[in-house]
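*Asks:* Please read through the structure below; I'll follow up with questions.
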Amino acid sequence: MSDPRYPPWIRRLHWTIFVMVACALLLIYARGWTPRGSALHASVEWAHMQFGIAILLLMLPRLLVRTRHGSAPPILPPTPRWQVQVANLVHVILYLLLFATPILGITMMVSKGHAWNFLGIPMPYVAHPDRAFAHDLEEIHGTVGNVLMYLAGAHALIGLYHHFVQRDNTLKRMLPAHNDRT
């Protein structure tokens, strides 16, 4: 009998990225509670950027593992076709947002013309910054990040709906297992 869950690496990457997105979100809200120009404000902003870049770096193997694995494990009992189609569309949008949000943030940082780093590794920036463009990117990055947050929240709630109301294995397919060794 085959395992009705996603392979362990897909599940691990899913939950790791979930935690990183939650941390990035908490940090950007925490930044708003810190005094502008303070070391704490800068540290919180730096930590937010670290999580954003790490999300982007983890999305690459996640996409590779997901595309190499092929189709998702079956939902049991089966759900209506329209739900599967909506779920597939939502997953595509989530993947796009998980790539777009950090790419917009990185592009914004490059455009600002300030020295910045990823885990101490200096990152590129332009010598002649375009502050207006960087500001526009910051607005877009924030909006796309909010869309990601709301869609991910809806994704989680729908998973709970499937588990507690429809009583299928949608959520169980992605839950981590204590006995995974692969």
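The values are calculated or read from the model by the stated rules, or taken from the named source; none is laboratory data. All values reported here derive from a predicted model rather than from experimental measurement. FYI the Cβ positions are ideal-geometry reconstructions off the backbone, even for glycines, and counts take in every protein chain you see. The accessibility values were calculated without ligands, DNA or RNA, using every heavy atom of the protein model including side chains. Shrake-Rupley method; radii C 1.70, N 1.55, O 1.52, S 1.80 Å.
*Asks:* Considering only protein heavy atoms, what is the solvent-accessible area of E138 at a probe of 1.4 Å, reported in Å² to the nearest 10?
*Replies:* Here the accessible area works out near 60 Å².
*Asks:* Give, in nm to one decimal, the length gained when the segment between R68 and T107 is fully stretched (0.36 nm per residue of separation minus the Cα-Cα distance).
*Replies:* Between R68 and T107, full extension yields an extra 11.1 nm.
*Asks:* Just in the stretch 14-103: which trypsin sites (Lys or Arg not before Pro) are loop by DSSP and have at most 16 other Cβ atoms within 10 Å?
*Replies:* Here the sparse-neighbourhood loop sites are R36.
*Asks:* Between N117 and H14, what FRET efficiency follows from the Cβ-Cβ distance if R0 is 30 Å, with the result rounded to 0.05?
*Replies:* The pair N117/H14 has a calculated efficiency of 0.60.
*Asks:* Hey, another quick one. Find how much the distance from I93 to S38 grows on full extension, using 0.36 nm per residue of separation minus their present alpha carbon separation; answer in nm with one decimal.
*Replies:* Here the answer is 16.2 nm.
*Asks:* Could you give the accessible area per residue of the stretch 77-182, probe 1.4 Å, as a whole number in Å²?
*Replies:* Per-residue value: 65 Å².
*Asks:* Please report, as a whole percent, how much of the solvent-accessible surface of the chain comes from carbon and sulfur atoms (probe radius 1.4 Å).
*Replies:* Reported share for carbon and sulfur atoms: 70 percent.
*Asks:* Here are several values of Cα extents along the principal axes in Å: [x] 73, 34, 28; [y] 57, 37, 32; [z] 59, 31, 26. Which one was derived from the coordinates shown?
*Replies:* Identified label for the calculated read-out: [z].
*Asks:* Determine the per residue accessible area of the stretch 10-55 with all protein chains present and a 1.4 angstrom probe, expressed in square angstrom.
*Replies:* 54
*Asks:* Please check: in the Gaussian network model of the chain (C-alpha springs, under 10 Å), which one of L157, L97, L25 has the largest mean-square fluctuation.
*Replies:* Evaluated over the chain, the most mobile residue of the options is L157.
*Asks:* Can you sort M59, M20 by solvent-accessible area, 1.4 Å probe, largest first?
*Replies:* Largest to smallest exposure gives the sequence M20, M59.
*Asks:* Could you put D168, D136 in order of accessible surface area, largest first, with the 1.4 Å probe and the full protein assembly present?
*Replies:* These residues rank, largest area first, as D136, D168.
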